[in-house]
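Chemist: Okay, handing you the structure first.
Each reported figure results from applying straightforward, stated rules to the coordinates on display, with no laboratory input. For clarity, every value in this text was computed on a predicted model and none was experimentally measured. Cβ sites come from the backbone with ideal geometry, for glycine too, and all protein chains shown count toward neighbours.
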Amino acid sequence: MSGRILTIAQQKGGSGKTTLAAHLAVALAKRSGEPVAILDVDPQGSLGTWYEAREESLGEDNTGLEFRTASGWGARREARSLAKSHGYVLVDTPPKTDSDAKPAIDAADFVIVPIQPTPVDLWATSQTIDLAAREDTPAMLVLNRVPPRASLTGEMADAILASGFDALASRLGNRTVFAAAMGKGVAVTEEAPSSKAAQEVESLIEELVSRIG
Ligand SMILES: Nc1ncnc2c1ncn2[C@@H]1O[C@H](COP(=O)(O)OP(=O)(O)OP(=O)(O)O)[C@@H](O)[C@H]1O
Ligand SMILES: [Mg+2]
């Protein structure tokens with residue numbers, strides 16, 4: 001097996017990297033039926049904390065995911081090693097530091113870049129996109145924490161289009177259930193399967209899989 005390595009990266013802190021990594025992992029495991037691994041390269045360890053909460057909630061043998069950590073260039077090695085035995089490897093990276101995200105972006109088949117719809121977030125995003133371009137890795141933006149009925153979101157969507165960045169049409173709204181589910185070590189598709197948030201995640205996965213296979 002040679003699974004796909006999806007690295008979630010964004011220099012801007014708090015954009016939703018960890019939330020997206022966890023949600024994509026759970027949804028891809030369910031949809032594909034293949035083994036899925038998550039790799040935490042962020043020393044903050046938020047994805048690891050989510051995974052520990054998941055073990056508590058579902059039982060150690062019932063998380064449906066394999067969890068690893070790595071740092072520095074070990075991230076590239078670990079991601080590639082996991083891809084030999086998993087259909088998908090989701091890599092969560094730290095904010096700010098080029099050096100920490102670089103090996104994970106280098107190893108990736110695709111980089112997924114969560115972005116909140118504000119001008120400041122878009123500025124930070126170009127650095128992440130440039131980094132992916134230097135590593136020859138295709139990058140896709142995902143609008144996250146989109147507020148209901150904000151005219152700024154439309155303006156930002158236009159600005160992203162004008163920037164030439166590749167953005168997925170599916171978006172995730174600003175919904176408290178994302179934060180609540182993360183606290184319990186689950187995803188919104190598990191916590192509240194019929195919620196708007198879960199529908200958004202399902203749409204995102206459909207679009208993502210149609211793009212990456
Ligand atoms: N779609 C959403 N709706 C509501 N809250 C969200 C959403 N996405 C993320 N959050 C919340 O925003 C905060 C930041 O999210 P998260 O930790 O996933 O970002 P991050 O990019 O991993 O942060 P860091 O850069 O510190 O690693 C968290 O409190 C999370 O619960
Ligand atoms: Mg994080």
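Chemist: Please get the size of the charge dipole for region 2-103, origin at its Cα centre, with Cβ charges of +1 on Lys and Arg and -1 on Asp and Glu, quoted in debye to the nearest 20. Don't skip to the end; give the middle numbers.
Modeler: On the way: 13 positive and 13 negative charges, 115 e Å.
It comes to approximately 560 debye.
Chemist: Now a separate question. Taking the alpha-carbon centroid of each part, what is the distance from region 179-213 to region 1-51 in angstrom?
Modeler: 12
Chemist: Further, regarding this structure: Sorted from largest down, give the three principal axis spans of the alpha carbons of the chain, whole angstrom values.
Modeler: Between the extreme Cα coordinates on each principal axis of the chain lie 45, 39, 31 Å.
Chemist: Can you give me the three principal axis dimensions of region 130-186 from its C-alpha atoms, in Å, biggest first?
Modeler: Principal extents (largest minus smallest coordinate, Cα): 37, 30, 15 Å.
Chemist: Can you list the HN-Hα couplings for region 141-148, worked out from phi with the Karplus curve (6.51, -1.76, 1.60; θ = phi - 60°), rounded to whole Hz and with x for Gly and Pro?
Modeler: 8, 10, 5, 10, 6, 6, x, x
Chemist: Something else now. Select from ARG68, ARG149, ARG76 the residue whose mean-square fluctuation is largest in a Gaussian network model of the chain (Cα-Cα springs shorter than 10 Å).
Modeler: Looking only at ARG68, ARG149, ARG76, the largest GNM fluctuation is found for ARG149.
Chemist: Another question about this same structure. Quick check for region 4-202: number of Lys pairs with alpha-carbon distance under 22 Å, counting only pairs 8 or more apart or on different chains?
Modeler: 12
Chemist: Here's a follow-up. If you place +1 on the Cβ of every Lys and Arg and -1 on the Cβ of every Asp and Glu, how big does the dipole about the Cα centre of the chain come out, in debye to the nearest 20? Spell out each step's value before the answer.
Modeler: Values: 21 positive and 28 negative charges, 40 e Å.
The calculated dipole for the chain is roughly 200 debye.
Chemist: Take every DSSP beta bridge with both residues inside the chain and express the antiparallel ones as a percent of the total, to the nearest 5. Before the final figure, lay out each step's value.
Modeler: Working: 0 of 24 bridges.
Close to 0 percent.
Chemist: In whole percent, what relative contact order does the chain give with Cα contacts below 8 Å and a gap of six or more residues? Let's see the in-between values first.
Modeler: Details: 434 pairs, mean separation 54.4, N = 213.
Worked out over the chain, it gives 26 percent.
Chemist: For the charge dipole of the chain, defined by +1 on Lys and Arg C-beta atoms and -1 on Asp and Glu C-beta atoms about the Cα centroid, which residue among GLY13, ALA83, ALA53 has the Cα displaced farthest towards the positive pole?
Modeler: The listed residue farthest towards the positive side: GLY13.
Chemist: Which one, VAL111, GLY164, GLN127, projects farthest toward the positive side of the charge dipole computed for the chain from Cβ point charges (K/R +1, D/E -1)?
Modeler: Farthest towards the positive end: GLY164.
Chemist: Still on this structure: Kindly identify region 1-89 as rounded, prolate or oblate by the Cα gyration tensor criterion: order the square roots of the eigenvalues as a ≥ b ≥ c, call it rounded if a/c is under 1.5, otherwise compare a/b with b/c, prolate if a/b is larger, else oblate. Display every interim value, and only then the final one.
Modeler: On the way: a/c = 1.44, a/b = 1.08, b/c = 1.34.
The shape class here is rounded.
Chemist: Let me ask another. Per residue of region 65-76, in order, report the coupling 6.51 cos²θ - 1.76 cosθ + 1.60 (Karplus, θ = phi - 60°) as ³J(HN,Hα) in whole Hz, putting x for Gly and Pro.
Modeler: Using θ = phi - 60°, the values come out as 9, 9, 10, 9, 10, 7, 9, x, 6, x, 5, 5 Hz.
Chemist: Using modelled amide H (1.01 Å from N, peptide plane; none on Pro or chain starts), what sits under 5 Å from the amide H of TYR88, excluding residues fewer than 5 places away?
Modeler: Those qualifying (amide H under 5 Å, at least 5 residues apart or on another chain) are ARG4, ALA37.
Chemist: When the Karplus curve 6.51 cos²θ - 1.76 cosθ + 1.60 is applied with θ = phi - 60°, which whole-Hz ³J(HN,Hα) does each residue of region 149-165 get, with x for Gly and Pro?
Modeler: 6, 9, 5, 4, 4, x, 5, 5, 4, 5, 5, 5, 4, 5, 6, x, 5
Chemist: Still on this structure, please answer the following. If Lys and Arg each add +1 and Asp and Glu each add -1, what is the summed charge of the other residues whose beta carbon sits under 11 Å from the beta carbon of GLY48? Spell out each step's value before the answer.
Modeler: Numbers: positive: ARG54, ARG68; negative: ASP40, ASP42, GLU52, GLU55, ASP92.
Neighbourhood net charge equals -3.
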